[in-house]
Structure formats: structure tokens, C-alpha cells
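K.L.:
This is the structure, below, for whatever I ask next.
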Amino acid sequence: MSYQHNAAQAAGMTESPASLGDILTKTKGLSAEQVERALDYQREHNVRFGEAAVALGFAKPDDVIWALSQQFHYPYLPTEHRHFNEELVVANDPFCEEVEAFRDLRSQLVLGVLAETDTRRALAITSADAGDGKTFVAANLAVAFSQLPGRTLLIDANLRQPRLHKVFGVEPGTGLTGLLAGRAEANVIKPAAHLPNLYLMPAGVIAPNPTELLQRAAFSLLLRELLGKFDHVLVDTPPHAAGSDTRIISVHCGAALLVGRRNATRMPGMQSLVKLLNKSQVRVAGILMNEF
């Protein structure tokens, strides 16, 4: 990894991406001498440049991770600037080993049920019972998707006990229920703070007739419009045990990911949900066992 610019760069020709040394020099004030010492340490100990800078005390681990995020255009906030809900593990600690499970799941979905076809699909994220962690999975999976090129929208379609607005810290006043009821509301889609490319549509005001609202053609038309404006659309649903909302939402989306909790989810309920979705011609992405 070289800190020095090559002759083409010096001549004003096509510029290559900034090196880690360049970024740390601009943001943390590393001197040319410190960069050279870090390069010597890197060669001598056969480690990465960032590890060398940390070992020599020129930078903190969080400084290096932030610099890497700038180098590879990866959304990341230094620790002192994070104000995410503790449930958002993908945002709070995006490089930890556990978070790789969400990236792996994202890859499987992109190459599977969400692969480019003539008919684009949204993804419903649901569960058989309450407490299985589907909202946790939906929120973190949405953050993982937002780290890909393009824009990601997360919709809270749990019109009975919505919770995503609390997870992301947005006002719940306007949202999906207003649109389905035929009201033209402003600011229905809200950007997620400090998470570029991620947007949230809260459930909105809790309505007394959620099933009837979701059965309206307006929901299907809305999803079709949103799929034309966003690259990825994920939808959080109520649990199957709460009623027929899950089936309705999944049919409109076209694909569903089922979430269960190890040693808690009851097999008959999950089997019933899988059978119901298959009968409704919903593409089931699989069953995720939540251990968080």
C-alpha cells in the first residue's frame, strides 16, 4: 500500500482512489514521517497499514475503520457519533462477526427470491408467533440492504402493534394507514438518520380495521409504485398468530422470509404459516432461526 501519489496523479491525470494513509493524513493529521514509519512496520511485521498505524499509536481502531469506510464508500459512523437504538446491531457494530450473518442473508435473498425478474418483488418479513424477533430482523436486514448501491425502503405494515418508528427514532404520526385510508399525507417516507440510502415508512395512526385496509387494492398499487422508486423494499408484518394480515401482506409482496426463535417457536404454528403461504403462491425465502 503506497502513500505516495504516482506520476500520473501528479500530472493531473486520472486519479486513483485515496489510500488509507492519504485519508488518515487528512483526517487525523498523520505526518509524512509517521506514514513512512507505518509502512516500514507494515512490511516488517506483514500486517495491514491500519494495524501498523494502531500498533504505533498513530491512530485508534475506530479511526482506521472509519478511514476504510471512506476508502470503500461504506456507511459508517465513529463510535462517539452513533445514536442508534441498541437493536440496530448492523449499524452499531457493522464489522463484527455476528453481523456477517445479516450480510450472508442479504446475499442469499438478492440471488434468490429478490433476483431480477420480469416481476419485481417486495419482501415480507414475518413470524408465526409474537416475540420471535421479526422486527429486529427486518430492521437490521434493512440496514444491511442500505449498504448496497441504491435505495432501500422499510415499511412498517404491522398495523396492530407497530414498533419500527421506535427502533429508528422517527415520528409515527403519518404513515401507511393514512395512505391506505385515502389521505394524501406529507412526509410519509422518512430518511433514517445517519444511515444513507435507508428510508422508513411508519405504520402511522393505529386504525381499528387493519385487515380491511390491507386488503384494499391501494396497498398493492402502493407497493408497485414504491418498487419503481426504490431498489429494495422490505415489509415488517404482524405475526401470523395475530390474524390474517400476514398472509395478505405476503401475497401483495410476492415473497416472504419467516423468522423463528430457537427453543421458543412452536413447530405447528410455523408449519401452518408455511403451508398457508405456499397455498397463496408466495415465494418463501426460507426460515431464519433468530438467536439474538
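To keep it simple, each residue is scored yes or no on (1) hydroxyl-bearing (Ser, Thr, Tyr); (2) over 23 Å from the mean Cα position of the chain (by Cα); (3) closer than 20 Å to residue 173 by Cα; (4) in the same structural domain as residue 137 (by TED's automatic domain parsing).
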site: 206; (1), (2), (3), (4): no, yes, yes, yes
site: 228; (1), (2), (3), (4): no, no, no, yes
site: 238; (1), (2), (3), (4): no, no, yes, yes
site: 261; (1), (2), (3), (4): no, no, no, yes
site: 268; (1), (2), (3), (4): no, yes, no, yes
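K.L.:
Also: Applying the selection to segment 29-71, what residues are β-branched (Val, Ile, Thr) and in contact with a helix residue (DSSP H, G or I) (Cβ under 7 Å, 6 or more places away or on another chain)?
P.N.:
If the condition is that a residue be β-branched (Val, Ile, Thr) and in contact with a helix residue (DSSP H, G or I) (Cβ under 7 Å, 6 or more places away or on another chain), then 35, 54, 64 are the ones that fit.
K.L.:
Would you point out which residue out of 173, 169 is in the same structural domain as residue 266 (by TED's automatic domain parsing), modelled with pLDDT under 95 and closer than 18 Å to residue 92 by Cβ?
P.N.:
169
K.L.:
For segment 241-266, give me each residue that is without any contact (Cβ under 8 Å) to a residue 60 or more places away in the chain and at negative phi.
P.N.:
Those that are without any contact (Cβ under 8 Å) to a residue 60 or more places away in the chain and at negative phi: 244, 247, 248, 251, 262.
K.L.:
Conditions: (1) among the hydroxyl-bearing types (Ser, Thr, Tyr); (2) touching a Pro at 6+ places or on another chain (Cβ under 7 Å); (3) closer than 22 Å to residue 146 by Cβ. Residue 174 meets all but one. Number of the miss?
P.N.:
Unmet for residue 174, out of (1) among the hydroxyl-bearing types (Ser, Thr, Tyr); (2) touching a Pro at 6+ places or on another chain (Cβ under 7 Å); (3) closer than 22 Å to residue 146 by Cβ: (2).
K.L.:
Go through 148, 179 for me and flag whichever is in a loop (DSSP other than H, G, I, E, B) and either under 21 Å from residue 223 (Cα atoms) or among the aromatic types (Phe, Trp, Tyr) (or both).
P.N.:
Result: 148 is the single residue among 148, 179 that is in a loop (DSSP other than H, G, I, E, B) and either under 21 Å from residue 223 (Cα atoms) or among the aromatic types (Phe, Trp, Tyr) (or both).
K.L.:
Follow-up. Does residue 124 satisfy the condition of being small (Gly, Ala, Ser) and either in a helix (DSSP H, G or I) or closer than 23 Å to residue 193 by Cβ (or both)?
P.N.:
So residue 124 fails the test.
Let's see how each residue does on (1) touching a strand residue (DSSP E or B) at 6+ places or on another chain (Cβ under 9 Å); (2) in contact (Cβ under 8 Å) with a residue 40 or more places away in the chain; (3) closer than 26 Å to residue 131 by Cβ; (4) of a type in the set (Asp, Glu):
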position: 198; (1), (2), (3), (4): yes, yes, yes, no
position: 214; (1), (2), (3), (4): no, yes, yes, no
position: 226; (1), (2), (3), (4): yes, yes, no, no
position: 268; (1), (2), (3), (4): no, no, yes, no
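K.L.:
Search segment 153-183 for residues being of a type in the set (Gly, Ala, Ser) and crowded, with 23+ Cβ neighbours inside 10 Å, and hand back the single one that is farthest from residue 212 (Cα to Cα).
P.N.:
Top of the filtered list is 175.
K.L.:
Do any helices (runs of 4 or more DSSP H) entirely within segment 10-116 hold 1 or more residues that are over 29 Å from the mean Cα position of the chain (by Cα) and at pLDDT 85 or above, and if so, which?
P.N.:
20-28, 32-45, 49-55
The values are calculated or read from the model by the stated rules, or taken from the named source; none is laboratory data. Given the structure is predicted, the values throughout are model-derived calculations rather than measurements. FYI the Cβ positions are ideal-geometry reconstructions off the backbone, even for glycines, and counts take in every protein chain you see.
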